[in-house]
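Report on the following structure.
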2 protein chains.
Amino acid sequence: MSDNQYYKHHVFFCTNHRDDGRESCGPRGAEAAQKHAKKRCKELNLNGAGKVRINSAGCLDRCEHGPVAVVYPEGTWYTYVDTADIDEIVDSHLVNGVEVERLKIKE
Amino acid sequence: MSDNQYYKHHVFFCTNHRDDGRESCGPRGAEAAQKHAKKRCKELNLNGAGKVRINSAGCLDRCEHGPVAVVYPEGTWYTYVDTADIDEIVDSHLVNGVEVERLKIKE
């Protein structure tokens, strides 16, 4: 399948802000995390067709694990706390293809 | 792979609006298309874990084919004109697993 994928890894950060008091990814630093990932991938020359794309997205509906991001086509779901976590996902998963087990959403 | 996917089909509509005069998906009806797809999937009881999720996303960087949407984990890229196209993608691809060849971005 991966041979036919336009992006080798397409990453979507939920950056949704709820305004009804319920928990959501946006207020947990999601936008900064997405920007950090995009910048780091650019520095590493990972961005582009056949390589990596870092996107923001609306609510991915896994709020209870938030903040969350998903990497396709693998369908690997991550949660993260800080930019060091983002760096680890970039360096391990996006550069070397090794998923970061400690940050994966298991259920 | 699909057995391990949280969503069987995860669809992202680019709803990006550029403000520099360059073409983008947003002004081409992308938000209305995303809302239409989400509503139709809800009517068909397709939304949810193990089934379908319809999201909006930032620029997917395939503006020249816009408006665009991508379905993961398949990595199928579509362009569309109207809600009839969206209905065909929902009914054929998301319900029956048959890609809509005439709407696929080929390159």
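The values are calculated or read from the model by the stated rules, or taken from the named source; none is laboratory data. Just so you know, these numbers come straight off a predicted model, no measurement behind them. Cβ coordinates were reconstructed from backbone atoms using ideal geometry, including for glycine residues, and neighbour counts include every protein chain displayed. Keep in mind that these areas ignore ligands, DNA and RNA; they rest on the heavy atoms of the full protein, side chains included. Shrake-Rupley method; radii C 1.70, N 1.55, O 1.52, S 1.80 Å.
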Taking the residues in region B:84-104 that are surrounded by fewer than 16 Cβ atoms within 10 Å (Cβ to Cβ) and not acidic (Asp, Glu) as candidates, determine which candidate is farthest from A:GLY58 (Cα to Cα).
-> B:ARG102
Applying the selection to region B:53-69, what residues are within 11 Å of chain A (Cβ to nearest Cβ) and either touching a residue at least 24 places away in the same chain (Cβ under 8 Å) or not charged (D, E, K, R) (or both)?
-> B:ARG53, B:ILE54, B:ASN55, B:SER56, B:ALA57, B:GLY58, B:CYS59, B:LEU60, B:ARG62, B:HIS65, B:VAL68
Only residues that are touching a residue at least 40 places away in the same chain (Cβ under 8 Å), closer than 17 Å to B:HIS9 by Cβ and more than 8 Å from chain B (Cβ to nearest Cβ): list them for region A:70-87, please.
-> A:VAL71
Among the numbered conditions (1) under 13 Å from the mean Cα position of the chain (by Cα); (2) modelled with pLDDT of 95 or more, tell me where A:ASN96 comes up short.
-> (1)
Might you let me know whether region A:27-49 holds any residue that is within 14 Å of chain B (Cβ to nearest Cβ), modelled with pLDDT of 95 or more and in contact with a Gly (Cβ under 6 Å, 6 or more places away or on another chain)?
-> no
Of the residues in region A:1-18 that are within 13 Å of chain B (Cβ to nearest Cβ) and part of a loop (DSSP other than H, G, I, E, B), the one that is modelled with the lowest pLDDT is A:MET1
Can you name the residue in region B:19-52 that is without any contact (Cβ under 8 Å) to a residue 12 or more places away in the chain and not in a helix (DSSP H, G or I) and is also most open to solvent (accessible area, probe 1.4 Å) among such residues?
-> B:ASP19
Restricting to region A:67-81, what's the tally of residues that are farther than 19 Å from B:CYS59 by Cβ and open to solvent by less than 60 Å² (accessible area, probe 1.4 Å)?
-> 10
Among (1) of a type in the set (D, E, K, R); (2) crowded, with 17+ Cβ neighbours inside 10 Å; (3) in a helix (DSSP H, G or I), A:GLU64 falls short only on (2)
Report yes if some residue within region B:5-17 is under 18 Å from A:VAL70 (Cβ atoms), open to solvent by 30 Å² or more (accessible area, probe 1.4 Å) and touching a residue at least 12 places away in the same chain (Cβ under 8 Å); otherwise report no.
-> yes
Identity of the residue in region B:2-29, out of contact with any Cys (no Cβ under 8 Å at 6 or more places or on another chain) and of a type in the set (Ser, Thr, Tyr), that ends up nearest to B:GLU74 (Cα to Cα) = B:SER2
